[in-house]
Amino acid sequence: MTDKLNNIPGYIDRLRGRNLHLNQQHPVGLVKLTVESWLGHGFEHFDRLDPVVSVAQNFDSLLIPPEHVCRRTSDTFWVDSDHVLRTHTSAHQAELLAGGHRQFLITGDCFRRDEIDARHYPVFHQIEGVRVGGSADDLLATVTGLMGFLFPDCESRVTDSYFPFTDPSWEIEILHEGRWIEVLGCGMVHKQILQNAVVEGPAWAFGVGLERLAMILFGIPDIRLMWSEDPRFSGQWIGLHAGFDPKQAPKFQPWSVFPATTRDVTFWVPEADIDPVITINNVAGIVREIDLGGLVESVEMVDQFRHPKTGRVSMSFRIQYRSWERTLVNGEINEIQTEIRSRLNGDGYVLR
Ligand code: PHE
């Protein structure tokens with residue numbers, strides 16, 4: 001693990017063993033069980049596949065082009081030049097098809113460098129369904145049926161989408177608290193993938209984030225809570241079991257919500273990072289590595305401008321701190337903030 005490309009911080013390694021999807025007393029594990037039992041028998045279950053996968057599995061086998069942005073170190077955790085932490089459960093699709101499996105579910109932890117807000121965490125869980133012999137109508141009936149079962153009181157809609165590995169492709173969105181939220185990607189498995197796996201088509205596939213579903217189903221407002229070991233969180237799901245009726249899903253009971261504190265940081269961006277997505281993911285990555293107690297609730301770019309004379313680009317980020325457990329004191333926020341500033345500085349961001 002001394003590879004120069006390796007960009008996996010220690011805290012990610014520590015989260016890898018948690019396997020929330022295998023915990024049947026946890027919202028993530030409960031949603032997995034619910035999806036599995038709704039789909040019924042006939043699907044093989046793979047939920048212990050190693051999240052360290054080859055570049056071929058995660059990208060090439062899915063026809064993701066070599067220059068695609070999702071391969072960048074700003075987006076993906078690289079183990080070495082041939083391996084990544086899977087960014088989606090689709091990484092196992094082609095191999096399982098080639099291995100003769102015809103109808104299966106893959107569940108596991110997935111890893112992405114991303115922004116920081118209530119819905120994003122660098123480790124999350126997906127469940128993937130694949131059915132050889134299923135038509136497009138069968139796919140859409142299956143995924144809209146599943147959404148209707150999980151969220152009987154929410155409107156949902158199907159929109160056209162794009163994935164390199166399915167054609168055609170769709171996304172399912174759920175209307176939740178007045179906003180359309182993407183919850184599921186799906187489509188007909190690309191002919192080339194079927195050919196490579198020596199499978200007679202058609203075949204469909206879908207992939208869905210378990211945290212997203214669990215947040216809507218149980219009314220959980222912040223994805224960081226999924227990792228909480230506070231009994232005020234974990235104690236709320238005890239006694240639920242596979243096959244519970246989603247209509248009867250208990251709603252998350254917040255204990256008092258403590259106040260948030262924000263701090264801004266402004267810097268000149270190094271030339272190589274001018275793309276805002278790279279900077280957003282880099283800043284988020286730095287914050288995650290320093291904020292091991294998970295006190296940062298969101299990181300938002302609030303301002304960006306190019307100096308008219310020098311052409312240099314300046315960006316301002318707002319970091320919001322809040323704990324679910326207690327009121328934070330200024331001293332501890334200052335400490336994290338100082339660390340973030342010095343790390344940014346060391347990485348070539350010139351603080352203003
Ligand atoms: N792998 C896709 C994602 O993570 C979801 C997907 C799975 C889309 C299967 C189509 C088919 O966004």
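Say whether the condition of being touching a strand residue (DSSP E or B) at 6+ places or on another chain (Cβ under 8 Å) and basic (Lys, Arg) is met by at least one residue in region 177-185.
No, every residue in region 177-185 fails to be touching a strand residue (DSSP E or B) at 6+ places or on another chain (Cβ under 8 Å) and basic (Lys, Arg).
Conditions (1) on the phi > 0 side of the Ramachandran plot; (2) more than 15 Å from the chain's Cα centre (by Cα); (3) surrounded by fewer than 20 Cβ atoms within 10 Å (Cβ to Cβ), marked per residue:
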| site | (1), (2), (3) |
| --- | --- |
| Gly207 | no, no, no |
| Arg212 | no, no, no |
| Met215 | no, no, no |
| Ser228 | no, yes, yes |
| Pro231 | no, yes, yes |
| Ser234 | no, yes, yes |
| Gly239 | yes, yes, yes |
| Phe244 | no, yes, yes |
| Lys247 | no, yes, yes |
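I'm checking my understanding of the structure. Among residues of region 138-181 that are free of Cβ contacts under 8 Å to residues at least 24 places away in the same chain and within 14 Å of the ligand (Cβ to nearest atom), which one is surrounded by the fewest Cβ atoms within 10 Å (Cβ to Cβ)?
Out of the qualifying residues, it is Asp160.
Residues are listed down the side, and each one gets a yes or a no for (1) surrounded by fewer than 18 Cβ atoms within 10 Å (Cβ to Cβ); (2) not in a helix (DSSP H, G or I):
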residue: Glu289; (1), (2): yes, no
residue: Val299; (1), (2): no, yes
residue: Ser314; (1), (2): yes, yes
residue: Arg318; (1), (2): yes, yes
residue: Glu325; (1), (2): yes, yes
residue: Gly331; (1), (2): yes, no
residue: Asn334; (1), (2): yes, no
residue: Thr338; (1), (2): yes, no
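Looking at Gly201, Gly187, which one is surrounded by fewer than 23 Cβ atoms within 10 Å (Cβ to Cβ), within 26 Å of His101 (Cα to Cα), within 16 Å of the ligand (Cβ to nearest atom) and without any contact (Cβ under 8 Å) to a residue 60 or more places away in the chain?
Going through Gly201, Gly187 in turn, just one is surrounded by fewer than 23 Cβ atoms within 10 Å (Cβ to Cβ), within 26 Å of His101 (Cα to Cα), within 16 Å of the ligand (Cβ to nearest atom) and without any contact (Cβ under 8 Å) to a residue 60 or more places away in the chain: Gly187.
Give all pairs with beta carbons closer than 8 Å in which a residue from region 42-54 that is within 21 Å of Leu15 (Cβ to Cβ) meets a residue that is part of a loop (DSSP other than H, G, I, E, B); count only pairs at least 6 apart in sequence or on separate chains.
Short answer, once both residue conditions are applied: Pro51/Arg86; Val52/Arg86; Val53/Arg86.
Considering only region 128-137, how many residues are in a helix (DSSP H, G or I) and in contact (Cβ under 8 Å) with a residue 60 or more places away in the chain?
1
Which fully enclosed helices (runs of 4 or more DSSP H) of region 26-101 have 2 or more residues being of a type in the set (S, T, N, Q)?
Here the list reads 27-39, 55-58.
Within region 11-20, is even one residue without any contact (Cβ under 8 Å) to a residue 40 or more places away in the chain, assigned to a helix (DSSP H, G or I) and loosely packed, with under 13 Cβ neighbours inside 10 Å?
So far as region 11-20 goes, yes, one or more of its residues are without any contact (Cβ under 8 Å) to a residue 40 or more places away in the chain, assigned to a helix (DSSP H, G or I) and loosely packed, with under 13 Cβ neighbours inside 10 Å.
Conditions tested, residue by residue: (1) β-branched (Val, Ile, Thr); (2) in contact with a Leu (Cβ under 7 Å, 6 or more places away or on another chain).
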{"site": "Lys4", "(1), (2)": "no, no"}
{"site": "Asn7", "(1), (2)": "no, no"}
{"site": "His21", "(1), (2)": "no, yes"}
{"site": "Gln24", "(1), (2)": "no, yes"}
{"site": "Ser61", "(1), (2)": "no, no"}
{"site": "Ile64", "(1), (2)": "yes, no"}
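What is the number of the single condition among (1) surrounded by fewer than 19 Cβ atoms within 10 Å (Cβ to Cβ); (2) under 26 Å from Leu194 (Cβ atoms) that Gly129 does not meet?
(1)
All of the numbers you see were taken from the coordinates with simple rules; none came from a lab. Bear in mind that the values here come from a model prediction, so they are computed numbers and not experimental data. Cβ sites come from the backbone with ideal geometry, for glycine too, and all protein chains shown count toward neighbours.
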